[in-house]
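Peer 1: First the structure, which I've put down as structure tokens, then a few questions once you've had a look.
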Amino acid sequence: MALNMRKRKLEKIPIFYESALTAACEEREIKTIHFKRLWKHIMTTPEKDVDFESMSQLPRALKKLLREKFTPCSSRLKKISHSKDRKTSKLLIELQDGNLIESVVIRHSDTRSGGHTVLCVSSQVGCRMGCTFCATGTMGLHANLNAGEIQEQLLIANRHVAKIRNIVFMGMGEPLDNWGAVKEAINGFYDGRKFGLSFQHMTVSTVGVISKMRLFSDTFPKVNLALSLHAGTQNVRKQIVPTSKAFTMSKLLDAVDYHNNKTGNKVFIEYLMIGNVNSSLNDAKELSERLKGRDVIVNLIPYNKTETGYDYEAPTLKQMEAFQKVMMDAGYYCTLRKTTVSGQDIDGACGQLAIKGLRKRDALDVESVVPDIKRSSSKEDTCIPPDMKRACCTKSCGSCSCECCASSSDGNTMLTLAAVGVGLLAYLRWLRK
Ligand code: SAH
Ligand code: SF4
């Protein structure tokens, strides 16, 4: 949990937050076999008609528990905006404690299978990584989402926009800085009793949290990994990604090697091109040198203007094409996203997701990010209701930081888009192959 971040007080627990539901049921000796029916009812029933009381097969004890402590969906769709070309929709979602997040839906119609729809999910309210080009980074970190809240974004998108096939963690936040919840959510997206998506249709984008990258590769060898590298040298990266002081280029590239070897899969290298920072031919040569021998796909993304207080320029198309040529001549598969991206008219493009008015109120010093990540491990800052704490602790959920959990001795052993994400278009192109 971030040092200065206020604990979240949640009145009701999302039913999709499976570890909390399991703990509560075990405490009352209720069988978890009923979960499938519960989730199915929520997903197939119009929101206003969801009613567990009328479900004849549910035990009375479970109905009582749900009434007292749980909610079918703790988040609420507050606003939806569609881009002019109707390909992109941005969802403003209000969490039960008033925090706001954004998710983005992108529709693709040009595939052999007749098209598919991608949801870009948020994992945090804001982000504490502080990348100097990113609107979300200007907010600082306000809260970690729990696994239920992450999955509810899919529930809401399925309900209000379209049936989603792909998930990308490229919305607000750094997913590997909220690993416990993200891990549970990925399993939830995959779970046939809930959404039944395939691992190959999910992508986690990270700015690079080394220890969690390895954990990710070990845990989800089939889920795609995208690394937001944005530079070919440590010196350039340090200027734009403050966390690279601790998570150096060489450590990140070791983690890329680890992923390649462990999973046999390519890593998507996301390279945000800022005209006056990292877009020269020399930058391209440095990048191609650093990536040599690695199994990667490079996605070049033009910087989208955001109000971060830096004098950054978007790259010219000429700069981008020249950069791409260097990479391709060196043998890399390298895609280039053109500057006009669907969604920009609704601030739904890369780096533009930020809740207006929310600034770095609770942000941490960047310097404190690394020790804090080590200390906090997978713990979420979500405080489940007081009388649930004991159940959670005794069942070692490892995903909350309620008082009991916080005081238990070895929390550290627990596993712990602003944007239509980086490389998204390229990634989708790749998926179509
Ligand atoms: N925290 C994760 C995922 C969320 S950010 C990460 O950084 O990878 C999603 C993507 O948006 C990142 O690749 C990031 O580089 C990109 N992005 C951020 N600000 C941007 C901007 N102003 N213009 C274009 N892309 C941006
Ligand atoms: Fe956080 Fe990613 Fe934005 Fe960096 S680019 S501040 S890691 S959301």
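The values are calculated or read from the model by the stated rules, or taken from the named source; none is laboratory data. These figures come from a predicted structure and were not determined experimentally. No Cβ is skipped: glycine too gets one built from the backbone with ideal geometry, and neighbour counts run over all protein chains shown.
Peer 1: Select from segment 267-305 the residues that are within 15 Å of S228 (Cβ to Cβ) and not in a strand (DSSP E or B) and list them in ascending order.
Peer 2: Let us first name the residues in segment 267-305 that are within 15 Å of S228 (Cβ to Cβ), namely 267-274, 277-278, 287, 290-291, 296-304.
Selection gives I274, V277, N278, L287, R290, L291, Y303, N304.
Peer 1: Criterion first (over 18 Å from V121 (Cβ atoms) and in contact with a strand residue (DSSP E or B) (Cβ under 6 Å, 6 or more places away or on another chain)) does H230 satisfy it? Let's see the steps before the verdict.
Peer 2: Numbers: over 18 Å from V121 (Cβ atoms): yes; in contact with a strand residue (DSSP E or B) (Cβ under 6 Å, 6 or more places away or on another chain): yes.
Against the criterion (over 18 Å from V121 (Cβ atoms) and in contact with a strand residue (DSSP E or B) (Cβ under 6 Å, 6 or more places away or on another chain)), H230 qualifies.
Peer 1: Tally the residues that are in a helix (DSSP H, G or I) and touching a Lys or Arg at 6+ places or on another chain (Cβ under 8 Å), restricting the search to segment 176-208.
Peer 2: Quick first cut of segment 176-208, residues in a helix (DSSP H, G or I) only: 176-190, 199-201.
Checking the rest, the ones that are also touching a Lys or Arg at 6+ places or on another chain (Cβ under 8 Å) come to 176-177, 179-180, 188, 199-201.
Looking only at that region, the number is 8.
Peer 1: Out of R60, R8, report the one residue that is surrounded by fewer than 21 Cβ atoms within 10 Å (Cβ to Cβ) and either at pLDDT below 95 or over 19 Å from R193 (Cα atoms) (or both). Step through it out loud before you land on a result.
Peer 2: Values: R8 fails: surrounded by fewer than 21 Cβ atoms within 10 Å (Cβ to Cβ).
Only one candidate qualifies: R60.
Residue-by-condition table, conditions (1) near ligand 1 (Cβ under 10 Å from one of its atoms); (2) under 11 Å from the mean Cα position of the chain (by Cα):
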residue	(1), (2)
G130	no, no
F133	yes, no
T136	yes, no
L145	no, yes
N158	no, no
K163	no, no
M170	yes, yes
W179	no, yes
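Peer 1: So, in segment 133-168, how many residues would count as being of a type outside the set (S, T, N, Q) and within 10 Å of ligand 2 (Cβ to nearest atom)?
Peer 2: Taking segment 133-168 and keeping what is of a type outside the set (S, T, N, Q), we get 133-135, 137, 139-143, 145, 147-150, 152, 154-157, 159-165, 167-168.
Those left that are additionally within 10 Å of ligand 2 (Cβ to nearest atom): 133-135, 137, 139-141.
The number of residues fulfilling the criteria is 7.
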